[in-house]
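Enquirer: Sharing a structure, written as structure tokens. Questions coming.
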Amino acid sequence: DEVQTGLGRTGDFMWGFMTYEIVPDIITVGKPLGNGYPMGAVLTSAEISSKLGAYFSTFGGNPVSCAIGISVLEIVKNEKLMSSARMVGKYLTSEFDKLVEKHDVLGHHRGLGLVHSLEIVKTSTSKLPSNEFASEVMYGLRKKQILVAITGFYKNIILITPPLCFNMENCRRLITTLDEVLTAVERKASAQSVIVYRESMESYSRAQLKRGIIGTEDPSASSAGDAQNGDQDGGESSGSADGSGHQNKRARLESENDAEESNPYEDMD
């Protein structure tokens with residue numbers, strides 16, 4: 001599919017697949033070939049074409065479409081638009097890399113010629129994708145009359161594919177505006193406060209919180225557990241449980257008192 005990468009948009013070659021030194025069996029190209037006129041084309045070898053069987057299209061190959069397509073190809077060649085895409089693309093790559101170093105929400109930049117993408121993340125250290133920030137960047141640019149797309153598995157990739165007539169002046173305006181939008185997004189993110197709700201902690205006493213910190217048990221719970229065990233055992237075991245239960249309880253309380261005296265979190269709320 002060479003709809004976005006074809007006709008010299010990558011700068012170095014007429015078709016994007018040539019960058020990777022492969023030869024595809026079938027190539028499709030659409031909208032750019034007509035420069036606004038609705039048309040597309042399929043390119044393949046005679047060997048493959050002969051095995052596809054019968055094909056019929058009412059408007060396929062009509063003289064008007066063919067004349068428009070040929071005119072577009074001539075303009076790409078005569079106005080050296082592929083060379084322009086290469087030069088503007090190098091400047092874009094340099095400026096995008098600077099923005100990645102400057103802004104915390106930019107994770108990575110990829111691009112060639114006039115096909116570029118920016119990864120939007122929560123922070124540059126975490127590298128976690130952020131589709132929320134990506135949407136804010138897209139709409140922020142749209143308010144300033146610059147259109148970009150969002151793509152990627154996590155919907156956090158800003159896709160920038162300007163037309164072949166995109167020049168250095170357009171490029172500088174894009175970089176300046178993008179810098180302003182990214183700064184606004186980061187400023188808004190840093191201004192958001194974190195709210196901690198303590199409603200569920202109000203019923204706990206300070207002593208209980210401290211016991212939770214040092215990892216000891218609640219004496220009342222232990223006492224209840226001892227009594228329940230005594231009730232279940234009955235008879236002789238009940239008397240034995242009472243004696244050993246009181247001793248265990250006393251030892252546990254002494255252990256808690258010692259732990260509370262040496263508790264490093266004494267002044268912690």
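Enquirer: I need the shape label for the range 108-167. Rule: rounded when a/c is under 1.5, else prolate if a/b > b/c, else oblate, with a, b, c from the alpha carbon gyration tensor.
Expert: Numbers: a/c = 2.40, a/b = 1.47, b/c = 1.63.
Taking the square roots of the gyration eigenvalues as a ≥ b ≥ c, the range 108-167 is oblate.
Enquirer: What number results when the radius of gyration of the range 1-132, computed over Cα atoms, is divided by 2.2 N^0.38 Å?
Expert: 1.35
Enquirer: Considering only the other residues whose Cβ falls under 14 Å of the Cβ of F13, what net charge follows from Lys and Arg at +1 and Asp and Glu at -1?
Expert: 0
Enquirer: Counting only the heavy atoms of the protein chains, how much of T176 is accessible to a 1.4 Å probe, in Å² to the nearest 10?
Expert: Accessible area of T176: about 80 Å².
Enquirer: Report, in whole Å, the centroid distance computed from the Cα atoms of the range 118-197 and the range 14-51.
Expert: Here the answer is 32 Å between Cα centres.
Enquirer: Using a simple spin-label model with points 7 Å from Cα along the Cα→Cβ vector, what separation in nm is obtained for N170 and I70?
Expert: Placing both labels 7 Å along Cα→Cβ, they lie 2.7 nm apart.
Enquirer: Now a separate question. I want the local charge near E119. Using Cβ-Cβ distances under 12 Å, sum +1 for each Lys or Arg and -1 for each Asp or Glu among the other residues.
Expert: In short, +4.
Enquirer: For a 27 Å ceiling on Cα separation, which of these pairs sit above it: K80/K143; K102/K144; K143/K188; K51/K80; K77/K98; K77/K143? Intermediate results must be reported in sequence, preceding the final value.
Expert: On the way: K80/K143 32 Å; K102/K144 21 Å; K143/K188 17 Å; K51/K80 37 Å; K77/K98 32 Å; K77/K143 34 Å.
From the list (K80/K143; K102/K144; K143/K188; K51/K80; K77/K98; K77/K143), the Cα-Cα distance tops 27 Å for K80/K143; K51/K80; K77/K98; K77/K143.
Enquirer: Within the range 21-44, name every residue whose backbone N is under 15 Å away from a label modeled 7 Å from Cα of N62 along the Cβ vector.
Expert: Inside the label zone: 37-40.
Enquirer: Rank these residues by their accessible area, most exposed first, probe 1.4 Å: C165, C66.
Expert: Listed by decreasing accessible area, they come as C165, C66.
Enquirer: Is the shape of the range 1-48 best called rounded, prolate or oblate, per the rule: a/c under 1.5 gives rounded, else a/b larger than b/c gives prolate, else oblate, with a ≥ b ≥ c the square roots of the Cα gyration tensor eigenvalues? Working shown, then result.
Expert: Values: a/c = 2.97, a/b = 1.15, b/c = 2.59.
Judged from the Cα gyration tensor, the range 1-48 comes out oblate (a/c at least 1.5, b/c at or above a/b).
Enquirer: Tell me whether the range 79-202 comes out rounded, prolate or oblate; compute the Cα gyration tensor, take square roots of the eigenvalues as a ≥ b ≥ c, and use a/c under 1.5 as the rounded threshold.
Expert: On the way: a/c = 2.72, a/b = 2.48, b/c = 1.10.
The shape class here is prolate.
Enquirer: Would you mind working out the magnitude of the charge dipole of the range 1-155 relative to its Cα centre, with +1 at each Lys and Arg C-beta and -1 at each Asp and Glu C-beta, to the nearest 20 Debye?
Expert: Details: 16 positive and 15 negative charges, 90 e Å.
Using only the charged Cβ atoms, the result is roughly 440 debye.
The values are calculated or read from the model by the stated rules, or taken from the named source; none is laboratory data. Note that this is a predicted model, so its numbers are computed, not measured. Virtual Cβ from ideal backbone geometry, glycine too; neighbours counted across all protein chains shown. Surface areas here come from the heavy atoms of the whole protein model, side chains and all, with no ligands, DNA or RNA. Shrake-Rupley method; radii C 1.70, N 1.55, O 1.52, S 1.80 Å.
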